[in-house]
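Presented below is the structure to which this report refers.
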Amino acid sequence: LFELCPAHHLASCKEELFHSIAMPTVFVALGLLIVRHVVGIRFSSGIPNSQLQFGADAPQVGQDPIAKVAPPTLSEGHKPLNFDFMTTDFQYPGHVQDLENFIKRRMRERAIGSIKDEIVRGHFCAKQGQRSETYYASSLCYWVPELVPSSTTAEGVVNGQQQRQKAVAMAPGSVSWQRHGAASADDAEQSLCTGWKGGPGKCLKCSICHNNALGESGRIESSSFVEEVQLPPCLKETDIEKQCSEAYEASSMPLRLEDIRCRDLLARRKAAEKAVRECTQKVQHLTLRLERDLESELQRAQGNVASFKAQVEAKKEEEQKSALRMESECHDYLESSGRVAHIDFIKNADWLRCKQHQWTSCMDGDAACQRRISVELDLYSKCTQCFIAATSRDDARVQIRVAEDMLRDGESKAQKVQRDIQEIRVELFQWQHHLPTLQDSLQRIDREWFPQEEACQQTMLDYESGKPEHLRLCAATLYDQSCEKACISQLSAGCGVVEGSSPGDQRGRGGVQVSCSPPQTSWVLAPETQHLQCNRILAFQRPVYSQAILFTGWLWTLSHRRSTAWEKMYFMLESGDAVRSATLHQFKKDPSKSSNLPQQVDTAITLWDAMGVAKVNGNYLKRENASCFLVYHFFRTFKFCAPEDAELYGGFSSSAALRDYWVALLKSTFRFKGFVKASPFEGVSRCCCTSSDPQSCEVLSSVELYKSRSPFNSAAVCPADQGYRYYKKRGIARLPAACLLPKSM
């Protein structure tokens, strides 16, 4: 059946056959193909050509529908913005091609995949934040000074040096979501820029990706990031401090030289005083160490040596007694066993092997066996007694060795204490000999310092007190060259740029509020209040909202799930910008009048990749005498009808005028038209005229053209039911000036 679709309309023909025929049969398919070629049915919408009215531009609010007008521009505060600060990649991001997308398209719904296809590929939030966080917002650009600002000339200075700045946090109120008339304080204001700190010496802004409170809960969700703004060559605070310090030193050279002389003399006196103090402390410490610690330690060590010697002698006497007992106990055993008789051959107790036989009885009448057992038992008893005596002797020898080791250790400690005493005596002598020299040196410096102490103290005070004041005045003269001014005057850095709602707009859910809330006051212009600082910043930077609500109002729309169910919905057309698509939001109630109620419906239609828009007679949609229009998208055709004349809004004179205005607005938003799916007759144009007057001609293209009804011709033709005909058929010989067609057309 698909093979019967013409080549120039193959994609839309296949899709409509797939969606519109519930129980496809060969007879129904052949019938639809015949009607398509003879009557001119468009399979992309299911509506005859005679009912379609493509391409007429919309009038301005309240004007006659015939007037040709451009779409409305953004209001003050919502002017078109250059997004080169964000990216150079303004290409269409592409569309998810996966199973979910395939199923969604079959269900005539747009798949929400990982690709954020409502913003360009280079958008800041394209790869940051959650999937729903596609709206960008940023704080004003603030400079974080390298040095700590001071409210007075004495603050921020430690020991004559400016304090270095640490990382500072962005003020919570710099970017917030504010909702007027909220039920609670938490809903009324919520900080969006939280959880980050900026380093000193940088121009920073807080960049945020948020969902514009479009979730089902109606609460704002966001992720914040810190961005550094690149600056041209400029002077940081340390550079300014260096220049001003050098200038101060040059302008006050006599005072500086005297300050250097006094400081050098004071430093020498402090060094001499410190040397005398350290030498005195050293002598006291060594004397105390020698007299109190080492002498008593030597006495203890010598006492331990004497004690250990006595223990060695006592252990040797015990060993001799054990040897005599062993000689007595072992003499009989050695003679009975026939072994070496001399006692000295018993090296240790393990040398003895006392063996007891396992059997102890003999047969009756066996006298020899009984004698042998008696001899062996006697020998075993003697051996055991000898073994006990030898073991006692061995233990005595071990105790002698332990006592001798303790003696050697004690003698070693005593010798070490004696060496320490000798070394400390030598060191003490050296310090005692050096102390008078240091004391003489201190007395000489004191005789030089004390007569001029008061004058030198005043000189140093004058020099130090004059420098901060000079730095304050000098730094202010270099403000125009400072990085602080370069930062706050960055007009193309995207400072204070907001996508999404502003507080109190028609959406009724609040909006982004950008306030002047610098993280730190100025060092260059200190002391300065935050009010004066914000006046300087706001002279260059102002919050800029890149989007606006272009138009709102009630429309009848046909549910795509129930083909005959018409619903009256409130629509809100949100403009796009250079990096995001315009969006058509729909609600069951007017959100500006129901801000405190939960939003019931908000199915947003991303518009920039739609296929086209066309006006249609409402009779075919069973909306008698209604002014309707269709929005062709790659996944679905949306059907809308304007309300009747009695329910008009916006100052329009008729329902058709209101419909034409909606069509003109929507038509202006198709920036990437046909990128996902090409429009019918994409790239084809015709010069069509309503009369023989060349001024009535204009160029129609794409969905504005019809397919020829002739079965032998499938080319695009002018919509005759709207009164258009090809310019040559109107008798116009030459191409009218209003038509800028290629020669092939």
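The values are calculated or read from the model by the stated rules, or taken from the named source; none is laboratory data. Keep in mind that this is a model prediction, so the values were computed, not measured. Methodologically, a virtual Cβ is constructed for each residue, glycine included, from the backbone with ideal geometry; neighbour enumeration extends over all protein chains shown. The accessibility values were calculated without ligands, DNA or RNA, using every heavy atom of the protein model including side chains. Shrake-Rupley method; radii C 1.70, N 1.55, O 1.52, S 1.80 Å.
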Failed item, numbered, when residue 712 is tested on (1) modelled with pLDDT of 90 or more; (2) open to solvent by 40 Å² or more (accessible area, probe 1.4 Å): (1)
Residue in the range 76-83 that is at pLDDT 70 or above, within 22 Å of the chain's Cα centre (by Cα), of a type outside the set (D, E, K, R) and open to solvent by 10 Å² or more (accessible area, probe 1.4 Å) present: no
Residues located in the range 227-273, provided they are closer than 30 Å to residue 480 by Cβ, among the basic types (Lys, Arg) and in contact (Cβ under 8 Å) with a residue 12 or more places away in the chain: 236, 256
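Among the residues of the range 543-601, what is the count of those that are outside any strand (DSSP E or B) and modelled with pLDDT of 90 or more?
As a first pass, look at the range 543-601 and keep what is outside any strand (DSSP E or B): 543, 546-548, 559-565, 575-576, 578-579, 581-582, 588-601.
When the remaining residues are screened for being modelled with pLDDT of 90 or more, the result is 543, 546-548, 575-576, 578-579, 581-582.
Result for the range 543-601: 10.
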Tabulated pairs, the range 438-451, first within 12 Å of residue 268 (Cα to Cα) and touching a residue at least 60 places away in the same chain (Cβ under 8 Å), second assigned to a helix (DSSP H, G or I) and among the acidic types (Asp, Glu), C-beta under 8 angstrom, 6+ apart or interchain: 442/273
Test: residue in the range 662-684 that is at pLDDT 90 or above and loosely packed, with under 15 Cβ neighbours inside 10 Å: no
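Only one residue in 400, 488 is open to solvent by less than 30 Å² (accessible area, probe 1.4 Å), of a type in the set (A, V, I, L, M, F, W, C) and farther than 30 Å from residue 318 by Cβ, so which one is that? Walk me through it before giving the result.
Working: 400 fails: farther than 30 Å from residue 318 by Cβ.
So the residue among 400, 488 that is open to solvent by less than 30 Å² (accessible area, probe 1.4 Å), of a type in the set (A, V, I, L, M, F, W, C) and farther than 30 Å from residue 318 by Cβ is 488.
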Every residue from the range 644-666 that is in contact with a Gly (Cβ under 8 Å, 6 or more places away or on another chain) and not hydrophobic (A, V, I, L, M, F, W, C): 649, 650, 651, 653, 661
Residue that is nearest to residue 603 (Cα to Cα) [pool: residues in the range 205-231 that are open to solvent by 20 Å² or more (accessible area, probe 1.4 Å) and either among the aliphatic types (A, V, I, L, M) or touching a Lys or Arg at 6+ places or on another chain (Cβ under 6 Å) (or both)]: 214
Close pairs from the range 109-127: first at pLDDT 90 or above, partner acidic (Asp, Glu) and not in a loop (DSSP other than H, G, I, E, B), Cβ under 6 Å, at least 6 apart: none
Unmet requirement for residue 288, which otherwise passes all of (1) among the hydrophobic types (A, V, I, L, M, F, W, C); (2) open to solvent by 30 Å² or more (accessible area, probe 1.4 Å); (3) touching a residue at least 12 places away in the same chain (Cβ under 8 Å): (3)
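Every residue, every condition in (1) of a type in the set (Ser, Thr, Tyr); (2) touching a residue at least 12 places away in the same chain (Cβ under 8 Å), yes or no:
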site: 627; (1), (2): yes, yes
site: 646; (1), (2): no, no
site: 658; (1), (2): no, yes
site: 666; (1), (2): no, yes
site: 669; (1), (2): yes, yes
site: 686; (1), (2): no, yes
site: 700; (1), (2): no, yes
site: 704; (1), (2): no, yes
site: 714; (1), (2): yes, yes
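Take the conditions at pLDDT 80 or above, over 29 Å from residue 606 (Cβ atoms), crowded, with 20+ Cβ neighbours inside 10 Å and of a type in the set (Asp, Glu) and apply them to residue 258. Does it pass? Step through it out loud before you land on a result.
Working: at pLDDT 80 or above: yes; over 29 Å from residue 606 (Cβ atoms): yes; crowded, with 20+ Cβ neighbours inside 10 Å: no; of a type in the set (Asp, Glu): yes.
So residue 258 does not fit the description; no.
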Of residues in the range 685-709 being open to solvent by 70 Å² or more (accessible area, probe 1.4 Å) and modelled with pLDDT of 85 or more, the one nearest to residue 667 (Cα to Cα): 695
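Restricting the search to the range 560-590, which residues are among the polar types (S, T, N, Q) and out of contact with any strand residue (DSSP E or B) (no Cβ under 6 Å at 6 or more places or on another chain)? Steps first, please.
Of the residues in the range 560-590, the ones among the polar types (S, T, N, Q) are 563-564, 575, 581, 583, 586.
563, 564, listed by residue number.
Being under 30 Å from residue 552 (Cβ atoms) and of a type outside the set (S, T, N, Q) narrows it down to one residue among 677, 728; which is it?
Values: 728 fails: under 30 Å from residue 552 (Cβ atoms).
Going through 677, 728 in turn, the sole match is 677.
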Residues satisfying the stated conditions in the range 688-717, i.e. charged (D, E, K, R), farther than 15 Å from residue 614 by Cα, in contact with a strand residue (DSSP E or B) (Cβ under 9 Å, 6 or more places away or on another chain) and outside any strand (DSSP E or B): 709
